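Engineer: Provided herewith is a single structure, encoded as structure tokens, for subsequent inquiry.
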Amino acid sequence: MLLREAAYVPLTIARQYGGVAGLRRRQLRGLNRVLELARTRVPYYRDDPRYARGPLRSLAELAELPVLDKQVLREQPLERMLADGVDQERCLSFQTSGSTGRRVRILHDQDSHDYHMAACVRRFLATGRYLPTDRLSHIRPFAPPARMFERFGLFRRHVILSHRPMSEIKAELLANRPKALIGYPVHLRALLRALTPDELARLRRTLRIVMTESELLLPEHRAMFATQFAAPVFDEYSAFEVLNVTYDCRHGRAHLGEDRVYCEIVDERGDPVPDGEPGRVVVTSFLEQAMPLLRYSLGDIGLIEPGRCPCGRRFRTLRLTTGRSNDYVTLPSGERLYPDAFLHLAATHPGVSECFVHQEADGLVRVHVVPSGEEAGEQVFATVREKLYGLAGGEFPLEVVRAESVLITPGGKGRFVTSDYSA
């Protein structure tokens with residue numbers, strides 16, 4: 001596996017810069033291969049007449065297939081989503097984070113996973129600031145097994161479990177003297193709140209790059225990380241179901257891994273929208289041989305940025321805009337407030353370091369504020385109410401209360417919006 005992965009690395013790097021026409025032809029061939037696999041060997045697709053069709057003649061015809069959402073994976077037995085004859089013991093097994101309820105098991109065949117791992121190398125190289133021999137500290141909810149190449153001093157990852165006490169996280173991080181730091185935005189914000197000025201100065205002496213993953217990264221939080229860590233910030237967008245989706249280049253644009261995934265931005269009906277318009281993020285990973293997911297909705301809202309990136313890569317760029325498409329509160333007017341509204345509030349409002357919200361079954365919106373100092377009190381809560389009333393265009397049932405920390409999902413992510421309200 002390691003040799004195959006290593007052989008894929010130069011290929012994944014070269015494919016970033018190939019011609020667009022050739023890239024689209026390769027995507028169409030890949031989509032037709034995975035569609036043929038799905039409709040002939042995967043029970044879920046084989047039993048659905050909507051997939052009983054010939055090869056796609058163009059990428060646009062992919063939109064004629066239905067959108068697959070997470071609820072299907074929760075309801076279907078694993079065997080119905082797997083290709084006939086797949087040996088589960090030879091596959092890589094993952095579980096979704098469980099941020100919306102039940103955790104779902106996902107399997108990836110070894111070959112497609114090797115290509116994904118090879119493609120992850122360009123995530124680091126695209127920064128222009130990371131060397132494979134640099135020390136890297138990774139704050140995350142679980143520790144993956146060490147890879148063989150780490151024995152040779154390459155991509156050495158020092159994992160610090162995010163659920164440990166902050167005093168231990170700080171001690172390990174400072175002792176490792178990392179050149180690269182990776183973490184979920186919610187954990188990096190907590191780290192910055194806990195570091196003393198002297199500790200932050202010690203960390204800055206070696207740190208050259210900060211990388212974020214797994215959660216929506218607001219421009220305000222990117223700027224805050226860059227300023228306080230004194231290092232440029234690069235984001236990554238991925239999901240266990242399809243693995244890596246985008247990686248940042250040095251110009252701060254998130255390039256789709258278009259040599260292994262095809263991305264669509266669609267409206268509520270599942271129809272693609274023009275570049276520059278927001279919609280649901282839908283992807284098809286066309287290298288998968290074990291558990292192919294066709295037109296899979298990741299549950300996030302984003303847009304394809306028009307125009308080419310000045311870095312020279314030909315892969316299109318994606319920008320996430322408001323957070324998860326199914327995480328929102330509903331106002332009396334019918335308008336919705338998504339996670340970005342509350343993350344932006346926490347990033348810009350004096351006296352607020354974090355906030356999360358729950359809407360009760362009767363419609364009451366309860367905003368939990370994690371204060372940035374002991375002085376935070378009713379005055380801060382009052383201005384938070386005023387800000388939210390302004391965003392909503394008027395008053396609505398709202399309560400602002402104090403909280404000690406952000407809710408964390410079983411997968412280690414911050415849960416910023418929950419709702420029991422059925423509009």
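Engineer: Mind checking which pairs have a first residue in segment 199-221 that is touching a residue at least 24 places away in the same chain (Cβ under 8 Å) and β-branched (Val, Ile, Thr) and a second that is assigned to a helix (DSSP H, G or I) and open to solvent by less than 10 Å² (accessible area, probe 1.4 Å), Cβ under 6 Å, 6 or more apart or different chains?
Structural biologist: 210/225; 210/229; 212/185
Engineer: Taking the options 320, 303, name whichever one is part of a strand (DSSP E or B), open to solvent by 40 Å² or more (accessible area, probe 1.4 Å) and not charged (D, E, K, R).
Structural biologist: Answer to the check: 320.
Engineer: Just name the residue that is farthest from residue 106 (Cα to Cα) out of those in segment 298-345 that are within 21 Å of the chain's Cα centre (by Cα) and acidic (Asp, Glu).
Structural biologist: Looking at residues that are within 21 Å of the chain's Cα centre (by Cα) and acidic (Asp, Glu), I get 305.
Engineer: Would you point out which residue out of 181, 161 is of a type outside the set (S, T, N, Q) and open to solvent by less than 20 Å² (accessible area, probe 1.4 Å)? Reasoning before the result, please.
Structural biologist: Numbers: 161 fails: open to solvent by less than 20 Å² (accessible area, probe 1.4 Å).
Of the residues listed, the single one that is of a type outside the set (S, T, N, Q) and open to solvent by less than 20 Å² (accessible area, probe 1.4 Å) is 181.
Engineer: Just the residues that are among the polar types (S, T, N, Q), closer than 28 Å to residue 308 by Cα and in a helix (DSSP H, G or I), please, taken from segment 9-67.
Structural biologist: Taking segment 9-67 as the starting set, the residues that turn out to be among the polar types (S, T, N, Q) are 12, 16, 27, 32, 40, 58.
Now narrow it down to the ones that are closer than 28 Å to residue 308 by Cα: 12, 16, 27, 32, 58.
Answer for segment 9-67, where residues must be among the polar types (S, T, N, Q), closer than 28 Å to residue 308 by Cα and in a helix (DSSP H, G or I): 12, 27, 32.
Engineer: Restricting attention to segment 228-269, which residues are more than 21 Å from residue 290 (Cβ to Cβ), open to solvent by 20 Å² or more (accessible area, probe 1.4 Å) and either assigned to a loop (DSSP other than H, G, I, E, B) or among the polar types (S, T, N, Q) (or both)?
Structural biologist: Once the filter is applied, which keeps residues that are more than 21 Å from residue 290 (Cβ to Cβ), open to solvent by 20 Å² or more (accessible area, probe 1.4 Å) and either assigned to a loop (DSSP other than H, G, I, E, B) or among the polar types (S, T, N, Q) (or both), segment 228-269 yields 228, 230, 232, 250, 251, 252, 253, 267, 268, 269.
Engineer: Separate question: When you go through (1) over 17 Å from residue 422 (Cβ atoms); (2) in contact (Cβ under 8 Å) with a residue 60 or more places away in the chain one by one for residue 358, which number turns out not to apply?
Structural biologist: So residue 358 meets the others, but not (1).
Engineer: Sort out which residues of segment 190-226 are open to solvent by 10 Å² or more (accessible area, probe 1.4 Å), of a type outside the set (A, V, I, L, M, F, W, C) and closer than 21 Å to residue 414 by Cβ, and write them in order of number.
Structural biologist: Passing the criteria: 193, 213, 214, 215, 219, 220, 222.
Engineer: Quick check on this structure: which one of 298, 287, 293 is open to solvent by less than 40 Å² (accessible area, probe 1.4 Å), among the aliphatic types (A, V, I, L, M) and not in a loop (DSSP other than H, G, I, E, B)? Explain how you work it out, then say what you get.
Structural biologist: Working: 287 fails: not in a loop (DSSP other than H, G, I, E, B); 293 fails: not in a loop (DSSP other than H, G, I, E, B).
That would be 298, the only listed residue that is open to solvent by less than 40 Å² (accessible area, probe 1.4 Å), among the aliphatic types (A, V, I, L, M) and not in a loop (DSSP other than H, G, I, E, B).
Engineer: While we're here: Which of the numbered conditions does residue 313 fail, given that it passes all the others? Conditions: (1) open to solvent by less than 40 Å² (accessible area, probe 1.4 Å); (2) modelled with pLDDT under 90; (3) part of a loop (DSSP other than H, G, I, E, B); (4) not acidic (Asp, Glu).
Structural biologist: For residue 313, the exception is condition (2).
Engineer: Just the residues that are in a loop (DSSP other than H, G, I, E, B) and surrounded by fewer than 17 Cβ atoms within 10 Å (Cβ to Cβ), please, taken from segment 68-83. Quick ask: steps written out before the conclusion?
Structural biologist: Going through segment 68-83, the residues in a loop (DSSP other than H, G, I, E, B) turn out to be 69, 76-77, 82-83.
Once the filter is applied, which keeps residues that are in a loop (DSSP other than H, G, I, E, B) and surrounded by fewer than 17 Cβ atoms within 10 Å (Cβ to Cβ), segment 68-83 yields 76, 77.
Engineer: Could you go through segment 359-382 and let me know if any residue there is touching a Lys or Arg at 6+ places or on another chain (Cβ under 6 Å) and either among the small types (Gly, Ala, Ser) or closer than 30 Å to residue 91 by Cα (or both).
Structural biologist: Looking for residues that are touching a Lys or Arg at 6+ places or on another chain (Cβ under 6 Å) and either among the small types (Gly, Ala, Ser) or closer than 30 Å to residue 91 by Cα (or both), one finds none in segment 359-382, hence no.
Engineer: Restricting to segment 16-36, count the residues that are open to solvent by 60 Å² or more (accessible area, probe 1.4 Å) and farther than 30 Å from residue 51 by Cα.
Structural biologist: Counting residues in segment 16-36 that are open to solvent by 60 Å² or more (accessible area, probe 1.4 Å) and farther than 30 Å from residue 51 by Cα gives 1.
Engineer: Check 86, 104 and return the single one that is open to solvent by less than 70 Å² (accessible area, probe 1.4 Å), closer than 29 Å to residue 47 by Cβ, at pLDDT 90 or above and aliphatic (A, V, I, L, M). Full working, then the answer.
Structural biologist: Details: 104 fails: at pLDDT 90 or above.
On inspection, the qualifying residue turns out to be 86.
Engineer: Moving to a separate point now. Could you grab the pairs with beta carbons closer than 9 Å, sequence gap of 6+ or different chains, first residue in segment 32-54 and within 15 Å of residue 64 (Cα to Cα), second one open to solvent by 80 Å² or more (accessible area, probe 1.4 Å) and in a helix (DSSP H, G or I)?
Structural biologist: From residues that are within 15 Å of residue 64 (Cα to Cα), the pairs are 39/46; 50/64; 52/46; 53/64.
Engineer: Give the residues of segment 398-415 that are out of contact with any Phe, Trp or Tyr (no Cβ under 8 Å at 6 or more places or on another chain), over 20 Å from residue 95 (Cα atoms) and touching a residue at least 40 places away in the same chain (Cβ under 8 Å), sorted by residue number.
Structural biologist: 405
Engineer: Taking segment 113-158 as the region of interest, how many residues are at pLDDT below 90, open to solvent by 50 Å² or more (accessible area, probe 1.4 Å) and under 19 Å from residue 249 (Cβ atoms)?
Structural biologist: Of the residues in segment 113-158, 1 are at pLDDT below 90, open to solvent by 50 Å² or more (accessible area, probe 1.4 Å) and under 19 Å from residue 249 (Cβ atoms).
The values are calculated or read from the model by the stated rules, or taken from the named source; none is laboratory data. Everything numeric here is computed off the predicted structure, so don't read it as measured data. FYI the Cβ positions are ideal-geometry reconstructions off the backbone, even for glycines, and counts take in every protein chain you see. The protein model used for the area step is the full one, side chains on, heavy atoms only, and it has no ligands, DNA or RNA in it. Shrake-Rupley method; radii C 1.70, N 1.55, O 1.52, S 1.80 Å.
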